[in-house]
Amino acid sequence: MRIGLLLVLLLVGTRLCGQSKADSLRRELARLEQSRPGFARDTARVRVLCELARQTKEWQAARVYWQHAIDVAEKIEWPAGRLLAYQGMGRHYSRKGSHLEATYYLHLGLHQAEQLGEARYRIECYHLLGIAYSQAGDSLNGLRALRTAVRLARPLSRRLYLTNLNDIGNTYFQ
C-alpha cells in the first residue's frame, strides 16, 4: 500500500515538474515579447521557443512552437537559430511518422549546418535523415545518410560513430 502511494506521488510530482518547466518557459517567452526589440531578444526567443517545443507533449502545439521558432530565426536571418529550429521540426515530424516532412526539414537543417561548418549538427542531421528514410522504407537513401554520418563521426566522437553503426545494422536488419 505504501509503495503504491509512493509511486503515485512520484508520478504526480514528475508530471508537475514537467508542467512547471513548460509554464516557466511560457512566462519567459511572454517576458521576452514585452522586452526591447533587438537581435539579442530575438535569438533568446528562438532558443526559448525550441525548448518549449521540446517540453510540449501535445503534438500540434509543439509543431506551432517549432514553426514560430523557424519564423523568428528566418526573420532575423540567424543561421544557427534556423539550424536548431529546422532540426527540431524534422525530429518532431519523424517522431510522428511523417517521414517526408521530416526529411524536408532535416535537409534544411543539414544545409544550415554545412554553411556554418557545424560538424556535430551535420552528423546529427545525417543520422536523423538515415533513420527517417529507413523508416519510410527507403533503405538505400537511409544507408547512404547513415554511412555519411559514420564517416563524419569517426574522427570526432566514438559515441556518435557507434550510434550510427548501430543504426546501419538496424537498417540492414529491417
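The values are calculated or read from the model by the stated rules, or taken from the named source; none is laboratory data. A quick note: this is a predicted structure, and the numbers were derived from the prediction, not measured. Cβ coordinates were reconstructed from backbone atoms using ideal geometry, including for glycine residues, and neighbour counts include every protein chain displayed. Side chains are part of the model used for accessible areas, which takes the heavy atoms of the whole protein and leaves out ligands, DNA and RNA. Shrake-Rupley method; radii C 1.70, N 1.55, O 1.52, S 1.80 Å.
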Please list 78, 66, 59 in order of solvent-accessible area, largest first, computed with a 1.4 Å probe with all protein chains present. 59, 78, 66
Of 76, 131, 123, which is the most mobile in a GNM of the chain whose springs link Cα atoms less than 10 angstrom apart? 76
GNM on the chain, C-alpha springs below 10 Å: top fluctuator among 150, 48, 64? 64
Positive-end extreme of charge dipole, the chain - chosen from 73, 86, 162 (charges on Cβ): 162
Per the helix-only model, the chain has a calculated mean residue ellipticity at 222 nm (DSSP H runs of ≥4, -39500 (n - 2.57) each, divided over all residues, rounded to the nearest 500) of -29500 deg cm²/dmol
Given segment 81-145 reduced to its alpha-carbon atoms as identical point scatterers, what log10 I(q)/I(0) does the Debye formula return at q = 0.13, 0.19, 0.22, 0.23 Å⁻¹? -0.28, -0.58, -0.77, -0.83
What accessible surface, in Å², does a 1.4 Å probe find on residue 23, ignoring ligands, DNA and RNA and rounding to the nearest 10? 70 Å²
Once the whole set of protein chains is in place, how much accessible area is left on residue 100, using a 1.4 Å probe, in Å² to the nearest 10? 140 Å²
Among all the lysines, which ones have a C-alpha under 20 Å from residue 96's C-alpha, if same-chain residues fewer than 8 places away are not counted? 57
Quick one: Kirkwood hydrodynamic radius for segment 135-174, alpha-carbon pairs, angstrom, one decimal? 10.1 Å
Suppose all protein chains stay in the model; what accessible area per residue would a 1.4 Å probe give for the chain, in Å²? 61 Å²
Over the chain, with every protein chain in place, what whole percent of the accessible area is carbon and sulfur at 1.4 Å, could you tell me? 56 percent
Bounding extents of the chain in its principal axis frame from Cα atoms, largest first in Å, are 56, 45, 29
Can you list the aspartates and glutamates whose alpha carbon is less than 12 Å from that of residue 21, not counting same-chain residues fewer than 8 positions off? 51
Expected vector for segment 138-148, Karplus 3J(HN,Hα) from phi with 6.51, -1.76, 1.60 and θ = phi - 60°, integer Hz, x for Gly and Pro, equals 9, 5, 4, 5, x, 5, 4, 5, 5, 5, 5
Using just the Cα positions, wrap segment 30-106 in a convex hull and report its mean projected area in square nanometres, one decimal place. 4.8 nm²
Given +1 on the Cβ of Lys and Arg, -1 on the Cβ of Asp and Glu, and no further charges, what dipole in debye does the chain carry about its Cα centre, rounded to the nearest 20? 540 debye
